[in-house]
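Notes for the one structure printed next.
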Amino acid sequence: MFTIERLQRIRRILLEKKRVEVTELSQVFGVSESTIRRDLDKLEKEGFLRKTYGGAVLAEDSVVAPEDNDPLTMERTKIARLAADMVGEGEAIFLGGGPVCLRLAACLAGRQRLTVVTNDLEIAVELAEAPYVNVKVTGGELIPGTFSLAGSGALESIRGLCFNKPFLAPTGADLKFGYAVPTLGEAQLIRAVTAVTQEIVALLDRTVFGRLALAPVAGLAEIPTVVTTNLLPHDFKAFYLAHQVKVFTAYELAQPGARR
Amino acid sequence: MATQGALAVGSHASRSRFRFDLQAYVMVIALLVIWALFFILTKGTFLTPRNLSNLARQMSITGILAMGMVLIIVAGHIDLSIGSVVGLCGAVAAILQVRMGWTTPAAVLVALMLGLAVGLWQGFWVCYLRVPAFIVTLGGMMIFRGVILGVTEGQTISPLEPDFVRIGQSFLPLHIGWLLAGLAALCCIYLRLKRRWERQRYGFEILPLPLELAAIAGIIFLIGLAVLVMNSYEGVPIPVLLLLLLAVVFVVISRKTKFGRYLYAIGGNAEAARLSGIDIRRNTLLAFVLMGLLCGIGGVVLTARLNGATTSAGTSFEMDAIASCVIGGTSLMGGVGSVVGAIIGALVMASLDNGMVLLNTPTFWQYIVKGLILMVAVLIDFQTKQRTA
Amino acid sequence: MSLLELSRIGKSSAGRPVLQEVDLVLEAGQGHILIGENGAGKSTICRIIGGDLCQDQGELRLDGKVRRFASPREARALGIRVVPEEQAIFPHLSVAENIFIGEEPSHPWFPPIVDRERMFATCYRFFREYGIRLDPDLPMHLLGLGEQRLVEILRAAMTDPRLIVMDEVTASLSEPERQMIFGLLRALMAKGVGVLLVTHRLEDLRHFGDWVTVLKEGRVAASGPLAALSLPEIVKLMARERAPACYPRLRCKPGRVLLVVKNLSRPPILEGIDLVLRSGEVLGLAGLLGSGRTALARAIAGIDRISGGEIWIDGRRVTLKNPSDAVRLGMCYLTEDPRGKGLFLSLNVPANITITDMDRVRDGFFLNFYREELLARGYIDELGIGLPNPHATTAQLSGGNRQKVVLAKWLYRSARIFVLDEPTKGLDIETKLDFYNIINELTRCGAGVIFISSDLQELRGMSDRILVMYGGRLVGELAKEEATEERLLMLAMGGDPT
């Protein structure tokens, strides 16, 4: 196959899939990885793509929708992707409400033998078409203005259940008052969930730190694992380190600086 | 910290390349001070077109050599042999023409090739045989001086053909001077606009248009002024033109090419350069080859200017070149330095020479003053670096 | 009355306690072994005894008299000799001159002149007495490493010592050299000199010493006659039981094989090394100083030539003649960076990052600074590299940020095999955390990491598998779950883990 032809096909694949990997392409075309790298170099100089760690993505200005380029959205996606890797096959997890958990649900849609319990209707909808994910929605009443369920019905429906990992996205985290959510009902539910498991994971984006919310859920040191990004404020980082909290910070090494 | 770092993305990248190279500007200011001083002391003679033309011709060879020396020093080496190599290349060109009747282009070409070969030879010793450059070029200094004595049999070789002499002594016709100035101005406009467009394309902040235009106007004014001054005497001297053309080439090489970047890397941290996969030997060798080529050019210009080759031609040029580099902010430790700085350094040295001659300063004082200026330049350099580091 | 007595010594550095309530008694003529993990505080004790540091709390008694040394000079005047961990010799001076450096006998007629005859005569006499086969006239650089260390010990031994402190002197020596040194020490002890030997090797305990003090996290875990403690007991005392909790290692499924090393040798420091690295894996490499772990890392990264064995990358056998070959194959080597060893300090950050692959920032012959800065900016933001100003050279960065720049340049190059040799040494804990998470992310992107660290907690926390080196060989492989500190220590110190 001529180089020109291969370049053309790489372009087509990229337009379709938005990102490619060097190893994958070298298998597809049966040429060495360094040949593929050179091809990608050429296309990068044309401005068609942007090389990433181990592959390439379509140059953003040509396709990416504006909301995908929003730093907060990108940050949440990063967190969700890392959190998704924490979920093993055959596990039962709880997903609390909130945009980060919603993204996590999207990342988990392709998994097999997974049980997701959630009190968020949006998450349930997100996973509705996932063929191998077993979704269980709690009962209870809708919290006004959200898609989240809470109340005695919700508490009732998780009684007796046990989770491998609950993923929570509190809306506030304060050094003194700990994690908190906006409504008492939600807080109650979360406390009930955390009471029955050890491996709780808090997903924290930049909006959370230093913000107070009405109903406290747990102290900062009580949730043993947090997933966040390098926007984690210094004082929080110091606190977590001092209290033996496992801090995962998600990076986007494959596509750094994609924000532009 | 992290928060700010990531949120301030846009503003960071923006201020980019409007930053001034402080070092170079300190030197420019020093230069202007020296000029002002001489202007007052010589009651105006120093800044007459005639003297400025002289000054420019005086600095041209040192300037040409200093450009190559910067590359060598930045790569962490030194070249002590260039005086002898300049003399040798000039002598060979003169012999080919005077004794063997070669035409000027042929003789010049051979001189340049000889410079190149010498560079290759010394570079090979330094890079592949790993003999320290100080030793290799100290040896070279003696060897090539010896060769000069051998080939010239101790005699001065002259006179040369008029077209050879023209390389060193003639001036551009006035209208061609203006024509070139116009071309340079156009190039400058094109480059500024292209840069502006590129910055815009990559999302960097750009100067407001009026400022941009003012900057362009300023540069054109300087070009015009320079040509005007030169033309008020006899025109732009050919060696000066040569210097300017080479300066453009070497600024580009040092700043805008992979090779230039590698030299800074190698001189800055050879071990890290090796770990980064840089071929240290090949790049260093290339620096020596370029130095050799410049020596060839310098030799031709020198011979042409003197209308003949003497056995002592080029003696101590290496010291002038090294001093120019150092005054221009080049660190002898390697990794730091700029071509523009070296040229300004050469201009400082030439100005001191010229001014003191105008003032009839005794020769011994000239040496003392130049030596002191060199030391003070390094002292200032060192102090400013300590403050920023 | 004891020769040396430390009681309730405490010392803090940068707000953290290094030593707490350390008691140590050393009798004249005693061979006292001080053993403990990296960072347990052994070197600090040596430096306090040698007068290089001063304790914050507690007392130091020499011959029963309380002393407080303001400088090493004072300690020296009282007969304390410290042989430091780092070599301190003058390679172009002779053995005798090295021994008498700073204390040259002066000529009886004209003091400014050194009495060389007396110097050499003293050497000959001493060498004969203790059966040392060394020519005092030989320049140091002609001697082997072991002999050079021996000279350093002689420097301490020949100047009327009362107490000799040796900080991991035996680490890089061969067996006969070690025996030679122990022999000398025993002879000195017979004359009433006290010896404090800091060591990492269990083997040393079999051949030398009659008293042992075990140090753990700045405290004395045990102290007693060597005969009363078995080696496994000592190791058990050294090990910290607590499992490391806060290392954020997220294991991913190991992918294809990236690197295979078969029977790699580079005598005498590396012999018969076999290892396999898969993508998505962090392979820990444990070993004491001088165990060959850095030599192995450098051999894999193509920095040092190997003399035997094979290296396979991506299923192909490769010959690495220099680092460029390794870089081309997607490998990179990163080491601890106290003074910016991996950086070009006079260049700015983007230039440092793009240097590994300049073709990406080149349009034809010319570099495109804008593209360069844009590409680099992505890494600067993503890794959170803090710059004092946008055009800062790397000389102006802090240690942690420098190390991130080195990582960034390899990410930019899309390296697949990261050989990290003590990458976090000297960094503050918060930067370390960033580093761990970046390692995590690397493996999630399919890279393979070989991770070397002296900090066993860190090694256990971050590795999926740990190989242990001892004396230039691999002596064990432990899965994350079975890699207890005790087992690692036992293997790394040359003991038998079973």
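All C-alpha pair distances within the range A:68-250, sorted into 5 Å bins from zero, spread as 1, 9, 18, 23, 22, 16, 8, 3, 0 percent across the bins. Once divided by 2.2 N^0.38 Å, the Cα radius of gyration of the range B:226-337 becomes 1.30.
To the nearest 0.05, what FRET efficiency results for A:Arg211 and C:Glu86 with a Förster distance of 51 Å applied to their C-beta separation? In this case the efficiency is close to 0.50.
Listed here are the pairs C:Lys42/C:Lys480; A:Lys237/C:Lys11; C:Lys341/C:Lys409; A:Lys18/A:Lys42; which of them are more than 19 Å apart at the Cα? Present the calculation step by step, with values, prior to reporting the outcome.
Values: C:Lys42/C:Lys480 28 Å; A:Lys237/C:Lys11 27 Å; C:Lys341/C:Lys409 14 Å; A:Lys18/A:Lys42 17 Å.
Violating the 19 Å limit, Cα to Cα: C:Lys42/C:Lys480; A:Lys237/C:Lys11.
Can you compute log10 of I(q)/I(0) for the range C:257-492 with the Debye formula, treating each Cα as one identical point scatterer, at q = 0.18 Å⁻¹? Once normalised to I(0) and log-transformed, intensities are -1.37. Pairwise alpha-carbon distances in the range B:25-160 exceed 17 Å for 69% of all pairs.
For the peptide C:392-398, the mean number of other protein chain Cβ atoms found within 10 angstrom of a residue's Cβ is 2.
Partner shielding of C:364-374 amounts to 6, given as the average count of beta-carbon atoms from other chains within 10 Å of each residue beta-carbon.
Dividing the Cα radius of gyration of the range B:154-299 by its Kirkwood radius returns 1.09 for Rg/Rh. Computed with the Debye formula from one identical point scatterer per Cα of the protein assembly as shown, without solvent, the log10 of I(q)/I(0) at q = 0.07, 0.09 Å⁻¹ comes to -0.87, -1.22. Averaged over peptide B:264-274, the number of partner chain Cβ atoms lying within 10 Å of each residue's Cβ comes to 6. Relative to the longest principal Cα axis of chain A, at what angle does helix A:99-108 sit, 0 to 90 degrees, rounded to 10? Once rounded, the angle reads 60 degrees. Label-to-label distance, C:Arg61 versus C:Val276, with points set 7 angstrom from Cα along the beta-carbon direction: 6.1 nm.
The angle between the Cα long axis of helix C:369-382 and the main principal axis of chain C comes to about 70°, on a 0 to 90 degree scale.
The local environment of B:Pro239, defined by Cβ-Cβ distances under 12 Å, has a net charge of +3 under the rule Lys, Arg +1 and Asp, Glu -1.
So what are chain B's ellipsoid semi-axes, whole angstrom, largest first, if each one is the square root of 5 times an eigenvalue of the alpha-carbon gyration tensor?
35, 28, 21
Which percentage, to the nearest 5, of the DSSP beta bridges contained in the protein assembly as shown is antiparallel?
So the antiparallel bridges in the protein assembly as shown amount to around 50 percent.
Between C:Arg16 and C:Arg133, the C-beta separation translates, for a Förster distance of 51 Å, into a calculated FRET efficiency of about 0.65. Using alpha carbons only, the radius of gyration of the range C:395-498 set against its Kirkwood radius gives Rg/Rh = 1.01. The calculated Kirkwood hydrodynamic radius for the range A:1-142 is 17.4 Å, given to one decimal from all distinct C-alpha pairs.
Annotation: average projected area of the range C:69-211 is 9.3 square nanometres, based on the convex hull of Cα atoms across all directions. Looking at the range C:10-105, the trypsin sites (Lys or Arg not before Pro) that sit in a DSSP loop and have at most 12 other Cβ atoms within 10 Å of their own Cβ are C:Arg68. According to the Kirkwood relation over distinct C-alpha pairs, the hydrodynamic radius of chain C is 24.9 Å. The Stokes-Einstein estimate for the range A:3-62, based on a Kirkwood radius over Cα pairs and taken at 37 °C with 0.692 mPa s viscosity, is a diffusion coefficient of 298 µm²/s. Local charge for C:Arg305 was computed over the other residues whose Cβ lies under 15 Å away, with Lys and Arg +1 and Asp and Glu -1, and equals +1.
Placing pseudo-labels 7 Å out from each Cα toward the beta carbon at B:Thr48 and A:Ile4 gives an inter-label distance of 6.8 nm.
Rg over Rh for the range A:128-234 works out to 0.97, using Cα positions for both radii and the Kirkwood form for Rh. Within the range C:233-295, the percentage of alpha carbon pairs spaced more than 18 angstrom apart rounds to 59%. Entry note, the protein assembly as shown: the mean residue ellipticity at 222 nm calculated from DSSP H runs of n ≥ 4, each adding -39500 (n - 2.57), is -15500 deg cm²/dmol after division by the residues and rounding to the nearest 500.
Could you estimate the translational diffusion coefficient of the range C:1-152 from the Stokes-Einstein equation, with Rh from the Kirkwood formula over C-alpha pairs, at 25 °C and 0.890 mPa s, in whole µm²/s? Reported coefficient: 137 µm²/s. When each full DSSP H helix of chain B is screened for a Cα extent of at least 18 Å along its own axis and an average Kyte-Doolittle hydropathy of at least 1.6, the helices passing are B:22-41, B:82-98, B:104-127, B:133-152, B:209-233, B:238-256, B:339-358. Counting charges near B:Tyr128 (Lys, Arg +1; Asp, Glu -1) among other residues having Cβ under 14 Å from its Cβ returns a value of +2. Helix A:33-46 versus the longest principal axis of chain A: what angle, 0 to 90°, nearest 10, using Cα atoms? The angle comes out near 90 degrees. Each of C:Asp325 and C:Arg339 was given a label point 7 Å from its Cα along the Cα-to-Cβ line. The distance between the two points is 3.1 nm.
Estimate the FRET efficiency between C:Leu93 and A:Lys18 by the formula 1/(1 + (r/R0)^6), using the beta-carbon distance for r and 41 Å for R0, to the nearest 0.05. Working from the Cβ atoms, E equals 0.05. When the solvent-accessible area of the range C:277-409 is split by element, carbon and sulfur atoms take up 49 percent of it, the probe being 1.4 Å.
P(r) tail, the range B:171-236: Cα-Cα pairs separated by more than 13 Å, 65% of all pairs.
In whole percents, the pair-distance distribution calculated for the range C:7-84 from its alpha-carbon pairs, binned every 5 Å from zero, is 3, 14, 26, 29, 20, 7, 1, 0.
The values are calculated or read from the model by the stated rules, or taken from the named source; none is laboratory data. From a predicted model like this one, the values you see are computed outputs, not experimental measurements. Here Cβ is always computed from backbone atoms with ideal geometry, including for glycine, and neighbour counts include all displayed protein chains. For accessibility, only protein heavy atoms count, side chains too; no ligands or nucleic acids. Shrake-Rupley method; radii C 1.70, N 1.55, O 1.52, S 1.80 Å.
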